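What follows draws every value from the coordinates through simple rules; no lab data is involved. None of the values given here were measured: they were computed from a predicted structure. Ideal geometry is used to build each Cβ from the backbone, glycine not excepted, and the neighbour counts take in all protein chains shown.
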Ligand SMILES: *Cc1c(COP(=O)(O)O)cnc(C)c1O
């Protein structure tokens with residue numbers, strides 16, 4: 001597993017189990033140990049084994065980074081303390097006077113970071129509908145350094161054409177960054193479609209067990225990697241070794257989990273579409289989805305996230321979110337357990353009164369890996385309270 005070339009020939013189901021993890025040189029331990037240390041003994045002044053201080057490098061983090069790079073088919077990965085820390089560090093490649101074209105349906109925390117924090121440092125942002133390639137092209141300026149998008153988006157599950165938008169960005173001399181959190185590398189690998197950066201909140205599908213917060217950047221360009229590696233150490237938003245271990249452990253079952261998330265979600269989307277209380281189901285796997293064809297081309301499967309709107313609007317949405325038993329009412333997504341939430345007052349409260357504000361009656365579910373009949377029965381009883 002040492003050579004990148006070998007890794008690229010392996011299938012994802014194999015990479016998730018093997019990539020990055022090697023038997024511990026000291027003991028032969030099959031799992032990379034949790035190197036719970038801040039510093040490393042040096043044999044002589046500035047003579048060490050590649051590790052000096054754990055903000056700079058830690059062996060458990062090294063294993064996680066190698067695994068993440070292999071999963072996304074990239075040369076390099078950097079791990080961070082959260083998805084937001086990864087995005088913030090990446091944006092530090094830019095400076096005052098630079099411009100970013102950003103999707104208008106991105107994660108609320110990303111909008112908040114761009115709009116409320118980074119704008120103060122002189123970086124300008126235009127928020128546009130990235131499903132519209134022409135709109136993105138028209139938003140490009142001479143000082144545009146980065147096009148930033150999510151696909152599928154959160155919570156509207158819109159799909160953007162990564163290949164077409166990579167061309168638009170590159171023609172203008174800008175980078176394309178894709179937040180791949182909702183798809184995971186099992187369903188979509190943006191670097192292979194032309195993106196320059198892939199970012200993850202590993203808190204979600206990659207970790208997969210709702211027990212750790214983390215983030216990552218994956219890329220191929222060596223010079224840009226060196227800059228980001230410098231920033232990772234200089235800014236210091238790194239994950240601890242225990243968090244790296246938990247994320248690595250989660251990755252082992254990523255391919256298996258994604259298969260079940262997608263199978264369950266497809267059946268639940270069809271159940272919801274046929275239910276009399278439901279006005280609209282938003283799921284890329286349904287033919288009614290506006291970018292269904294693009295999703296089929298770009299993704300291996302349509303994912304585990306579904307949004308829907310009830311005939312009863314916000315009042316009915318609140319009842320259903322409260323009445324489900326297996327679907328836990330909670331923020332976040334991508335874990336083995338099913339979750340339900342109302343984006344407007346919960347995950348997307350930070351974008352209220354902004355162009356990104358969402359329908360207050362929208363319900364978002366993260367479909368877990370439980371038995372699908374149990375999940376459907378739970379939704380049926382909750383929806384029964386509003387018809
Ligand atoms: C959760 C999330 C983030 C932020 O990640 P954290 O790990 O919570 O900091 C960024 N992008 C998307 C799409 C997310 O779902």
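Miscellaneous remarks
- For segment 110-165, the equivalent ellipsoid built from the Cα gyration tensor has semi-axes of 20, 16, 8 Å, listed from largest to smallest.
- For the peptides 336-343, 31-38, the ranking by mean Cβ contacts within 10 Å, running from highest to lowest, is 336-343, 31-38.
- Taking the C-alpha atoms of segment 147-306, convex hull volume expressed per residue in Å³: 124
- Extension gain, residue 315 back to residue 22 (0.36 nm per residue minus Cα-Cα distance, nm): 100.2 nm
- In plain terms, the chain from residue 352 to residue 75 could stretch by 95.9 nm, reckoned as 0.36 nm per residue minus the Cα-Cα distance.
- When DSSP beta bridges are restricted to pairs lying wholly in the chain, around 55% turn out antiparallel.
- In this simple spin-label approximation, residue 280 and residue 171 carry label points 7 Å from Cα along the Cα→Cβ vector, and these lie 3.0 nm apart.
- Segment 100-173 and segment 62-94: distance between their alpha carbon centers, rounded to Å: 19
- For the peptides 96-102, 285-291, 375-381, residues were scored by their other Cβ atoms within 10 Å and the scores averaged per peptide; the highest-first order is 96-102, 375-381, 285-291.
- Shape of segment 246-328, Cα gyration tensor, a/c cut at 1.5: oblate
- The three principal axes of the Cα atoms in segment 256-383 give end-to-end lengths of 36, 32, 28 Å, sorted in falling order.
- Kirkwood-based shape ratio for segment 78-226, expressed as Rg/Rh from alpha carbons: 0.93
- Only helices enter the 222 nm calculation for the chain: every DSSP H run of n ≥ 4 contributes -39,500 (n - 2.57), and dividing by all residues gives -10000 deg cm²/dmol, rounded to 500.
- Whether segment 184-259 is rounded, prolate or oblate, judged on the alpha carbon gyration tensor where a/c under 1.5 counts as rounded: oblate
- Note on the chain: with a GNM built from Cα contacts shorter than 10 Å, the maximum mean-square fluctuation among 112, 297, 364 falls on 297.
- Derived from the Cα gyration tensor, the three semi-axes of the equivalent ellipsoid of segment 32-95 are 25, 16, 12 Å, largest first.
- The chain: relative contact order in percent, alpha carbon pairs under 8 Å with at least 6 residues between: 16
- Applying 1/(1 + (r/R0)^6) with r as the Cβ-Cβ distance of residue 143 and residue 325 and R0 = 56 angstrom yields a FRET efficiency of 0.60.
- Extension gain, residue 10-residue 292: 0.36 nm per intervening residue step, less the Cα-Cα distance, totals 98.7 nm.
- Structure remark: mean-square fluctuation, Gaussian network model of the chain, C-alpha springs under 10 Å; the largest value among 44, 57, 161 belongs to 44.
- Average projection area in nm² (convex hull over Cα atoms of the chain, one quarter of hull surface): 19.3
- Calculated FRET efficiency for the pair residue 96/residue 222, C-beta based, R₀ 25 Å, to 0.05: 0.45
- Over segment 236-293, the fraction of Cα-Cα pairs per 5 Å bin, rounded to whole percents and listed from the shortest bin up, is 4, 16, 15, 14, 12, 10, 10, 11, 6, 2, 0.
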